[in-house]
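A.B. asks: Have a look at the structure that comes next, please.
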Amino acid sequence: MQSKTYDKSYDYEEDKVDGIDYDIVNIFELETLQELRIDTDFRNAVTVTLLDGFAEVFGAELPPNTPIYYAKGSKFAIFTWHHAKIQVIGKTEDSYLSKETRMKEYIELHSHIQEERDNNMRERKPGPNVLICGESNSGKSTLCKILTNYGLKMGFRPILIDLDIENNMIVPPGCIGASRPKVNVPSDDLTEDTICYFYGLRASKMDGKLYKRQVSELAGCVNKKILNKEEEMKKELFDMVHTKEDPSKMAHMKSIFTDFSTSKLPVELASGCIINSMVVGSEPSERTVRFLADAFKISYIIVMESERTYIKLRECFQESSSIKIVKLPKSPGVAILDEANRRKATNYFFKNYFYGELNSAKALSPSFLNNLDTFEVGLKLDEYKLYTYELVKIPLSALPHGSKEEVNKIFVKKVDPEQMELQDRVVGVLDPVNVELLEKYEEEIEEGENSNKEEFYDILISSVCRSLIHISYYDPANNQLIANATSPEGPKSKYLIVKDLVYEKKL
């Protein structure tokens, strides 16, 4: 969902490409602890204006008398603790008032997390890290947004991590990612401080080995980011202490010590993480949750709705006094997304990412053109390297003596465009850390030297994704891919990864 303040000086009546039917205007009066639930389909958008009182969406306060644009396919609830008068312009699929909310339980959870943040800040400790898990359509992402926005409201900056490869709040479908938001979520402004890994599969085709590997890489990046900030400040403090004989630096040293107590470093350390888990099947397994708890150093596990999962996790973590397990009911207003609607949501995202109904159609205002509007480019395959991940089962006969079971191993395979259907594939552009070493290994492999093949695979698998391209077709005569990319020169990195992720234009 995208939400931005639109330009009131723009004549929308003359250009209705924004998807809003301005002939439909509804006013809603919200009473204390009541919420207005709004669903839109993928043909209609709405604007919401707070005319009176106070209200919030996912924990973020609505500004008074300011129309906020909600794009096609948006599903959200406007909640008030006291009273609010709301104007909604545009056609909704569903809009109704309800007093059946779970905001009291959610604010109580936030209070416990906030108390731990305050304690950690005083003690210079990182965390708390909160894992939200539950069944599909249980309201996990809604709670993640609320907790993140409440944390921002209190002056903290929690890292938001989304491991859902279909309905991700931070990065495109088919990816997992993390961001430290400066503004309320959901937002289009999360690209500045974001880490993204390209998974390339939909949930129905999940590969557990690859998924866990990429989650581990993401967790490593997040933990390293927190550790690096802590080490930077400690080093600066150490350097200042060892220059105390220089009177000219004493004032600055005192300032640094003051900053360490009150500045954003302890705040960022103590902000912790809010993590939206992925569901494989109907509910998360204890093994998956254990893996995530270890990878992200979890303090809280929040189980949405499922009594069965809650009891199993209590048993699983009964020896771990550092992890608190909390069961919360899901909101009665959670939108139920079936497989067909999930596919539509994925396609709608890619439609806007690559071909920009919102990018170029001036949906928000004439000035709201997306800088990432894509360009058709030709990618020569003697310059760009197209790879895919492959999970191979290693039989016992090929394993060391004494091995008792077969092993699944991730391989990286170069793609032959003549052998793989590439039309409409969504491709990740990788940003390897050590390009020179990668090129060296690649050259050795092409010459038949395989001693560094494992290291080559490892560098590619651990590489973050910087952008996506969409392949229109393969041009065999010129050995090139015709694709849409975010730069007219094409991707800056020559390393591309493709799996089964497809943008279905006709859906």
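The values are calculated or read from the model by the stated rules, or taken from the named source; none is laboratory data. The structure presented is a predicted model; accordingly, all values stated were derived computationally and were not measured. Every residue, glycine among them, receives a Cβ derived from its backbone with ideal geometry; neighbour counts consider all protein chains shown.
A.B. asks: Testing E123 on (1) within 24 Å of A335 (Cβ to Cβ); (2) without any contact (Cβ under 8 Å) to a residue 12 or more places away in the chain, one condition comes back false. Which one is that?
C.D. replies: (1)
A.B. asks: Mind checking whether some residue in the stretch 34-54 is at pLDDT 95 or above, over 30 Å from V326 (Cβ atoms) and surrounded by fewer than 16 Cβ atoms within 10 Å (Cβ to Cβ)?
C.D. replies: Yes, the stretch 34-54 has at least one match.
Yes/no per residue for (1) outside any helix (DSSP H, G or I); (2) at pLDDT below 95; (3) loosely packed, with under 15 Cβ neighbours inside 10 Å; (4) in contact with a helix residue (DSSP H, G or I) (Cβ under 6 Å, 6 or more places away or on another chain):
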residue: Y69; (1), (2), (3), (4): yes, yes, no, no
residue: A77; (1), (2), (3), (4): yes, no, no, no
residue: P126; (1), (2), (3), (4): yes, yes, no, yes
residue: I146; (1), (2), (3), (4): no, no, no, yes
residue: N149; (1), (2), (3), (4): no, no, no, no
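A.B. asks: Can you tell me which residue within the stretch 190-219, out of those that are within 18 Å of E268 (Cβ to Cβ) and surrounded by fewer than 15 Cβ atoms within 10 Å (Cβ to Cβ), is modelled with the lowest pLDDT?
C.D. replies: E192
A.B. asks: Is it the case, given these coordinates, that R314 is assigned to a helix (DSSP H, G or I) and either more than 30 Å from E93 (Cβ to Cβ) or in contact with a Ser or Thr (Cβ under 9 Å, 6 or more places away or on another chain) (or both)? Spell out the reasoning first.
C.D. replies: Details: assigned to a helix (DSSP H, G or I): yes; either more than 30 Å from E93 (Cβ to Cβ) or in contact with a Ser or Thr (Cβ under 9 Å, 6 or more places away or on another chain) (or both): yes.
So R314 fits the description; yes.
A.B. asks: With (1) surrounded by 17 or more Cβ atoms within 10 Å (Cβ to Cβ); (2) within 25 Å of the chain's Cα centre (by Cα); (3) in contact (Cβ under 8 Å) with a residue 40 or more places away in the chain as the list, and S463 as the residue in question, which single condition is left unmet?
C.D. replies: (3)
A.B. asks: Here is a check on your reading of the model: is E418 outside any loop (DSSP other than H, G, I, E, B), over 15 Å from F354 (Cβ atoms) and among the acidic types (D, E)?
C.D. replies: Working: outside any loop (DSSP other than H, G, I, E, B): no; over 15 Å from F354 (Cβ atoms): yes; among the acidic types (D, E): yes.
When the stated conditions are applied, E418 does not pass them.
A.B. asks: When you scan the stretch 372-384, do you find a residue that is farther than 30 Å from S74 by Cβ, modelled with pLDDT under 90 and either touching a Gly at 6+ places or on another chain (Cβ under 6 Å) or among the acidic types (D, E) (or both), even just one?
C.D. replies: If we filter the stretch 372-384 for residues that are farther than 30 Å from S74 by Cβ, which is where we start, we get 377-384.
Checking the rest, the ones that are also modelled with pLDDT under 90 come to none.
Checking the stretch 372-384: not a single residue is farther than 30 Å from S74 by Cβ, modelled with pLDDT under 90 and either touching a Gly at 6+ places or on another chain (Cβ under 6 Å) or among the acidic types (D, E) (or both).
A.B. asks: Could you say whether any residue in the stretch 208-219 is part of a loop (DSSP other than H, G, I, E, B), in contact with a strand residue (DSSP E or B) (Cβ under 8 Å, 6 or more places away or on another chain) and not β-branched (V, I, T)? Write out each step before concluding.
C.D. replies: Narrowing the stretch 208-219 to residues part of a loop (DSSP other than H, G, I, E, B): none.
No, every residue in the stretch 208-219 fails to be part of a loop (DSSP other than H, G, I, E, B), in contact with a strand residue (DSSP E or B) (Cβ under 8 Å, 6 or more places away or on another chain) and not β-branched (V, I, T).
A.B. asks: Could you check, for the stretch 387-408, whether at least one of its residues is more than 21 Å from I165 (Cβ to Cβ) and surrounded by 18 or more Cβ atoms within 10 Å (Cβ to Cβ)? Don't jump to the end; show me each part of the working.
C.D. replies: First pass over the stretch 387-408, keeping only residues more than 21 Å from I165 (Cβ to Cβ): 392-407.
Checking which are surrounded by 18 or more Cβ atoms within 10 Å (Cβ to Cβ) leaves us with none.
No, every residue in the stretch 387-408 fails to be more than 21 Å from I165 (Cβ to Cβ) and surrounded by 18 or more Cβ atoms within 10 Å (Cβ to Cβ).
A.B. asks: Another one. Yes or no: the stretch 164-182 includes at least one residue that is within 17 Å of the chain's Cα centre (by Cα), β-branched (V, I, T), assigned to a helix (DSSP H, G or I) and closer than 30 Å to I461 by Cβ. Spell out how you get there, then give the answer.
C.D. replies: The initial filter retains those residues of the stretch 164-182 that are within 17 Å of the chain's Cα centre (by Cα), namely 164-182.
Remaining after also requiring β-branched (V, I, T): 165, 170-171, 176.
Checking the rest, the ones that are also assigned to a helix (DSSP H, G or I) come to none.
No, the stretch 164-182 contains no residue that is within 17 Å of the chain's Cα centre (by Cα), β-branched (V, I, T), assigned to a helix (DSSP H, G or I) and closer than 30 Å to I461 by Cβ.
A.B. asks: I would also like to ask the following. In the stretch 423-507, which strands (runs of 3 or more DSSP E) lie fully inside it and hold 2 or more residues that are of a type in the set (F, W, Y)?
C.D. replies: On the way: elements: 425-431, 464-475, 480-485, 495-502.
Those strands (runs of 3 or more DSSP E) span 464-475.
A.B. asks: So is Y503 touching a residue at least 24 places away in the same chain (Cβ under 8 Å) and crowded, with 16+ Cβ neighbours inside 10 Å or not?
C.D. replies: Working: touching a residue at least 24 places away in the same chain (Cβ under 8 Å): yes; crowded, with 16+ Cβ neighbours inside 10 Å: yes.
For Y503, the condition - touching a residue at least 24 places away in the same chain (Cβ under 8 Å) and crowded, with 16+ Cβ neighbours inside 10 Å - is met.
A.B. asks: Could you tell me which numbered condition T101 fails, if it satisfies all but one of (1) in a loop (DSSP other than H, G, I, E, B); (2) within 23 Å of R343 (Cα to Cα); (3) in contact with a Phe, Trp or Tyr (Cβ under 7 Å, 6 or more places away or on another chain)?
C.D. replies: So T101 meets the others, but not (2).
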